[in-house]
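Trainee: Take this structure first; my questions come after.
Nothing in this text is a laboratory measurement; each read-out follows from the coordinates by a stated rule. Note that the structure is predicted; figures quoted are calculated from it, not measured. As a convention, Cβ positions derive from the backbone with ideal geometry for all residues, glycine included, and neighbour counts pool all protein chains shown.
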Amino acid sequence: MSSSVLQAISSRVLVGSMLPLLQAVLHTMVQEATLDYDRPQEFYSQYDFIIVGAGTAGSVVAGRLAEVPWFRVLVLEAGAVPSPETYAPGLAPLGSLNTSNTWNYITEPQQHSLGNFVNQRATLPLARVVGGTSTTGGMVYSRGDPQDYDNWETLGNPGWDYDSILYYFKKAEDYLGGHLGETETYHGRGGPLAVSPDPNEGPLSDAFLRAGEELGYNTLDLNGPYQMGFSRPHYNIREGVRSSTAGSYLQPALSWSNLHILHSSTVTKVLFKEKKAIGVLFEYEGKTFQVTAEREVVLSAGAVASPKLLLLSGVGPQQHLKDNKVDVVANLAGVGQNLQDHLGVYGLVWTLPGAPPHSGPLFNTTAMHQYVRHREDPRDPPVIDPKFLSHPDDLHTLVKGIQFAFKLANTDALRSLGAKFHDKPLPGCRRNGGKKDEGEEEDKEYWRCFIQHMASSLWHPAGTCRMGPSSDPLAVVDSSLRVHCVEGLRVVDASVMPATVSGGTAAATVMIAEKAADIIKADWDIDVDYDFIL
């Protein structure tokens, strides 16, 4: 079949026709894994801990708390078990498409960005599946810069500086590559989560490293102490299979009698007795149930769903709650505020000789960005307004990034491969007469226009339940991740980041969950260094 014919077939049709075949091929490989998530035959009348969300963070917290034999732990997850294709790294692009594994949220129309997107809105296909984004994401393992975490402590969060949290990065990690020399001490071996060096080394990746050297940058370990340089990526892959937190933390613990998981169940409210969280309401198979927690409720539903659940439960800005006829439990102005995300500029394309002539990958995100979700009954998704590019510094930084990309492409290393920029002007943006001097002010104006039309979310939302002291007007949780002004309730996921990290958010979220599990154990007088025999 020619590439021109493939282009004529929509991505949704292709996925719809091919996905059952792919799932059938992969089914035998993952059959045993999915059976482990079956509903328990009997539930307890009360649990010590209820964890809302079995995503990237929730799976970690559940697995770690269940290490204490007398802790009864219940995990409630809105999504289903991972589908077969999620285990295959090569099928990761399917995770960004409109499937049952995602929520498919849509942002509000953006005033300063998304000019080439339908209604100037972006989709956020956040994970709705056991394992969360660690099940559907791109598997890149990137911790960010040590200064990111030092900044967290500076903002009033003791114990979250890089030197303190490095222990938890190492505790989680099972690095599967060779000895890393001087950065070996920054990595862990034998932890639950697999981290592998790039399995696809080849001429192009080699050329990128040489290009960086031409520009004066060192080749380094991206997850070591320094990030100013070029590096081969690390991935959460073990023996050719995705390493998710569901498979690494949750699944091994499901055989323990003190841990139960109920997937395909949606929590609708945290229950309070005065100002103490005592349980949750959840929907399962069309019915509403109530379950109580003797010790704590832990929200790990993600940067959108966790603040939404707090608001539904009466914890948030007082006037907003009253306007929506929600009884106020605690007036916390920061709930749902401080939304931060990574912004990517789509449409910058370089071609290589011999590459297929079609305009993009077979599974691309075009259909996803054009899809407008039908909104339901009282189940409307939350209003998400990231205000992309509303601050001029963001636009300036992205222009500089594009200029650097051109410098990189013009190195001998990449030019030797025949890399050529696809320089067709973007409709609606005036180019500088075909000139390629990216330093001219007129050309900078073109790239500013390009960014305002083509930049969109990289799907790394964070910060909506900001960690900080009570003196911080936007803080939702303290440095122990306890929700301010109430008892028995914590938030453990990317929403607690006071400022987003400069790498992907997945590795940082696992670290947060590892540290949170130890904090919770210590608060309940458990020796965190003791190994329980289960």
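Trainee: To the nearest 10 degrees, how steep is helix 392-409 against the longest Cα principal axis of the chain, on a 0 to 90 scale?
Mentor: The helix 392-409 is inclined about 50 degrees to the chain.
Trainee: Estimate the FRET efficiency between ASP163 and TRP524 by the formula 1/(1 + (r/R0)^6), using the beta-carbon distance for r and 41 Å for R0, to the nearest 0.05.
Mentor: Values: r = 26 Å, r/R0 = 0.63.
Rounded to the nearest 0.05, the efficiency is 0.95.
Trainee: Can you tell me the length gained on complete extension of the stretch VAL349 to ASP323, counting 0.36 nm per residue apart and subtracting the Cα distance?
Mentor: Going from the current span to full extension adds 4.7 nm.
Trainee: Take the alpha-carbon centre of region 103-144, take the same for region 248-273, and report the distance between them in whole Å.
Mentor: 25 Å
Trainee: Next question. What angle, in degrees between 0 and 90 and rounded to the nearest 10, separates the Cα long axis of helix 56-65 from the longest principal axis of the Cα atoms of the chain?
Mentor: Approximately 30 degrees, to the nearest ten.
Trainee: Tell me, what is the percent relative contact order of the chain, built from C-alpha pairs under 8 Å that lie six or more residues apart? Spell out each step's value before the answer.
Mentor: Values: 1074 pairs, mean separation 121.8, N = 534.
It comes to 23 percent, rounded to a whole number.
Trainee: Hey, if you drop one equal point scatterer on each alpha-carbon of the chain and run the Debye formula without solvent, what base-10 log of I(q)/I(0) do you get at q = 0.05, 0.10 Å⁻¹?
Mentor: -0.20, -0.85
Trainee: To test your reading of the geometry: what angle, between 0 and 90 degrees and rounded to tens, separates the Cα axis of helix 302-312 from the longest principal axis of the chain?
Mentor: Computed tilt is about 40 degrees.
Trainee: Counting residues in region 457-508 as N, plug N into 2.2 N^0.38 Å and put the Cα Rg over that result.
Mentor: Region 457-508 yields a ratio of 1.15.
Trainee: Sticking with this one: Between TRP70 and TYR284, how many nm apart are label points set 7 Å from Cα along the C-beta direction?
Mentor: A separation of 2.6 nm, rounded to one decimal place.
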